[in-house]
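Colleague: Quick one: the structure is below, questions incoming.
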Amino acid sequence: MVLTTTWVLENEPRLAFLAGVSLFGLSALLLPGNFESYLMFIKSLCLGPALIHSAKFVLVFPLMYHSLNGIRHLIWDLGKGLSISQVYQSGVAVLMLAVLSSVGLAAM
């Protein structure tokens, strides 16, 4: 199987969601303590703002990409944007909007 841009753009939300839910669920089940204790631990590490911003970006990007791609699919359900050139354009637009919105949300 050749990894093409369309394959990656189509399957990334599934893979990221599956990995994120699996890791979060397993950590919630297997690690001792509660959320507040881990939050206090992370605050005590005194991590730099660049690292915190990067971690927040990594967490929010799959959610934004998945949400925006869902809107793209709803537009397709209306019968709009189904030509090959429009599919590629909307894929690039979703990717760019996901990056920009993720950067904005991570900066909060």
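Colleague: What are the ³J(HN,Hα) values, in whole Hz, obtained from phi via the Karplus relation 6.51 cos²θ - 1.76 cosθ + 1.60 with θ = phi - 60°, for each residue of region 58-75 in sequence order, with x given for Gly and Pro?
Modeller: Along region 58-75, the couplings run 4, 6, 8, 4, x, 5, 5, 5, 5, 5, 5, 5, x, 5, 4, 5, 5, 5 Hz.
Colleague: How large is the accessible surface per residue of region 1-107, computed with a 1.4 Å probe and reported in Å² as a whole number?
Modeller: Here the residues of region 1-107 average 75 Å² of exposed surface.
Colleague: Compactness ratio of the chain: Cα Rg over 2.2 N^0.38 Å, N = residue count?
Modeller: Taking the Cα Rg and dividing by 2.2 N^0.38 Å, one obtains 1.33.
Colleague: Related question: Helix 35-44 versus the longest principal axis of the chain: what angle, 0 to 90°, nearest 10, using Cα atoms?
Modeller: 80 degrees
Colleague: Give me the percent of accessible area attributable to carbon and sulfur for region 1-107, probe 1.4 angstrom.
Modeller: Reported share for carbon and sulfur atoms: 77 percent.
The values are calculated or read from the model by the stated rules, or taken from the named source; none is laboratory data. Bear in mind the structure is a predicted one, so any value in this text is a computation, not a measurement. Note: areas computed on protein heavy atoms with side chains; ligands, DNA, RNA excluded. Shrake-Rupley method; radii C 1.70, N 1.55, O 1.52, S 1.80 Å.
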